Amino acid sequence: MLCLYLTIDNLESLSASNQTNIKTASLEAIEHSTDLCVLVSFSHPIATVDTHWNDIQSLLGNIYVVQLQVAYANQQPLMECNVLFESWCGYQMAFEPNLSRVLVSPQYASCIEEWNSSRANAGLGLFEIQILDTTAVTNTSTTIRSTPTITTVGNNSLNINKEPNAVSHHLSPNQQQRDHTVAVVKENKEEDKKQQQRQQEQVHPFSRVALGGTFDHIHAGHKILLTMAALLTNKSIVVGVTDDSMLQSKKHRQFIQPTEKRIGSVERYLHSVRRNVEPYVVPICDPFGPTITDPAIDALVCSKETLQGGEAVNRERQKRNMDPIELRVIDVISPNSTSIGSQDMSALKISSSWIRQYLATK
């Protein structure tokens, strides 16, 4: 896997240099027949996803548009690309076992070199670092292989003594005081956990977010929908995947992926973009799925075209004496959304039916 480390200074726009870097990374991924991951790092923290809902989905749309334009131009419309956020994905990219190369701007190269040091200390192989040339008119870059200095800490420097009684002189002579100290440490750890949870709930305001769809041959539109839903929750996400039985009339039906395969694709994608929340991906055989049976669901993500369906969910919940759920709309994947900033949004209009037609002609 190839990773582009992309730092965003302004959430409201994608700079020309970042667009160039995305194009370069996309070309490199195509040339080496590998998957692309765009790891977004914010230079300023985001207080809450809900407050910046439109800006974040627009940023995702812009990144995918640039990547897809390169993919189309090189006859690779199905190239695999995931966009995730470093501060929210729930894991460290540095330790991903399939990471083979990282593209990074010169000013952040030292940070990525530290990743390799961490990998070496963890017994993982080093990846290649490619420094992007941000000054050249054409997309050029210099490839280097980092050789970090690895400091091995031996037993002597850690003062490890395997004799069972050898460390007894480090214990407090007052056992009661020691027990009190241990209790305070445990209490502090618990308070730290609570503080982290409070921060999570502030950034990701809902506890159980739902969405639904066919999710056949997952594409950029699906990914924006899934990513935004995953970013809203601090605990769990429920995804209803339309069962095969409801897709009998679809065009090029022979190319529709089986339900279990589509469920697996959604699970893998969620594992990539938000590993610190619990996913529940289930088949659905009606328009509502778990949204009218699960009282814990407190938000539903939909597109402009499915907003009426979201309103119908709340009517059904009211009939069942359930609390209404908050509706959040993804606008960038709407057919009526023609541009984000200066970007041509036609690249995001790729659909599952288009992919099936494309596969039928291969």
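The values are calculated or read from the model by the stated rules, or taken from the named source; none is laboratory data. None of the values given here were measured: they were computed from a predicted structure. Here the Cβ positions follow ideal geometry from the backbone for every residue, glycine too, while neighbour counts run over all protein chains shown.
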ask   = From the residues in the range 261-308 that are within 20 Å of I330 (Cα to Cα), in a helix (DSSP H, G or I) and aliphatic (A, V, I, L, M), which one is farthest from the chain's Cα centre (by Cα)?
value = L307
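Let's see how each residue does on (1) polar (S, T, N, Q); (2) modelled with pLDDT under 95:
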position	(1), (2)
A230	no, no
S236	yes, no
G240	no, no
F255	no, yes
E267	no, no
message = I'd like the full set of residues that are of a type in the set (A, V, I, L, M) and either on the phi > 0 side of the Ramachandran plot or in contact with a strand residue (DSSP E or B) (Cβ under 6 Å, 6 or more places away or on another chain) (or both), limited to the range 283-300.
response = I284, A296, I297, A299, L300
task = Quickly run through the range 14-30 and pick out the residues that are assigned to a loop (DSSP other than H, G, I, E, B) and surrounded by fewer than 18 Cβ atoms within 10 Å (Cβ to Cβ).
result = S15
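On the basis of being in the same structural domain as V239 (by TED's automatic domain parsing), at negative phi, touching a helix residue (DSSP H, G or I) at 6+ places or on another chain (Cβ under 9 Å) and modelled with pLDDT of 95 or more, does E316 make the cut?
yes
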message = Considering only residues that are surrounded by 24 or more Cβ atoms within 10 Å (Cβ to Cβ), within 19 Å of I284 (Cβ to Cβ) and not β-branched (V, I, T), which ones fall in the range 228-239?
response = A229, A230
